[in-house]
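**Q** For reference, the structure I am asking about is given below.
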Amino acid sequence: AWKQLYPTLAPLAFATTPTSGPAPGTSPESARLAVFVKVPCAACDARVRSLQSQGRPFDIYVVGLDNDAQIRTWAARLGIDAARVHAGAITLNHDEGRWLALGAQGSLPAVLAQVNGQWQRE
C-alpha cells in the first residue's frame, strides 16, 4: 500500500537530529502517520481507535501477524472503517520486518509522523 500511495518515498527514514514542524504544506493534525502495532495489545488497540476517531490518515503496520485474514479479523474487531480503508485514508499492512529493521526501539504502539521530510516518533 505504501508504494502505491508514495512511490518516490522510502517507508521510514529517521532524522539523526530532532527537527520540528510538520512536513511542508501539512499541519500536525493532517499529517499521515505510520502506526506500528502488535496483536494482542490493548494500548495498540486504543491508539488506533483514537487516531481513527480523530479522522487522521494513517498506515497500520501489524507486527507478528503474517496472515491477511488475521489482520482483517483484528481490524474488524477494532471497528476500523472499511470505507476509509478502501479510500486509502487508512491502510492495513504486514510489518514484514520493518519494526526490527528500525531497531525495534521502544514499546508498541509506535506512532511515527513525518516532520520536515523525516519520520519521527510522536
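The values are calculated or read from the model by the stated rules, or taken from the named source; none is laboratory data. Source: prediction; values computed, not measured. Quick reminder, even Gly has a Cβ in these numbers, built from the backbone with ideal geometry, and neighbours come from all protein chains shown. Note: areas computed on protein heavy atoms with side chains; ligands, DNA, RNA excluded. Shrake-Rupley method; radii C 1.70, N 1.55, O 1.52, S 1.80 Å.
**Q** Mind counting the residues in the range 65-78 that are under 14 Å from Asp45 (Cβ atoms) and surrounded by 12 or more Cβ atoms within 10 Å (Cβ to Cβ)?
**A** Matching residues across the range 65-78 total 6.
**Q** Could I ask something else about it? Restricting to the range 102-117, name every residue that is modelled with pLDDT under 75 and either at positive phi or open to solvent by 60 Å² or more (accessible area, probe 1.4 Å) (or both).
**A** Once the filter is applied, which keeps residues that are modelled with pLDDT under 75 and either at positive phi or open to solvent by 60 Å² or more (accessible area, probe 1.4 Å) (or both), the range 102-117 yields Gly103, Ala104, Gln105, Gly117.
**Q** Of all residues being part of a helix (DSSP H, G or I) and farther than 20 Å from Gly55 by Cα in the range 73-122, which is farthest from the chain's Cα centre (by Cα)? Just the residue, please.
**A** Thr73
**Q** Turning to a different aspect of this structure: Quick check on Asp59: is it of a type in the set (D, E, K, R), at pLDDT 90 or above and crowded, with 18+ Cβ neighbours inside 10 Å?
**A** Here the answer is yes, as Asp59 does meet what is asked.
**Q** Counting only residues that are in a loop (DSSP other than H, G, I, E, B) and under 18 Å from Thr91 (Cα atoms), which one in the range 30-50 is modelled with the lowest pLDDT?
**A** This residue is Ser30.
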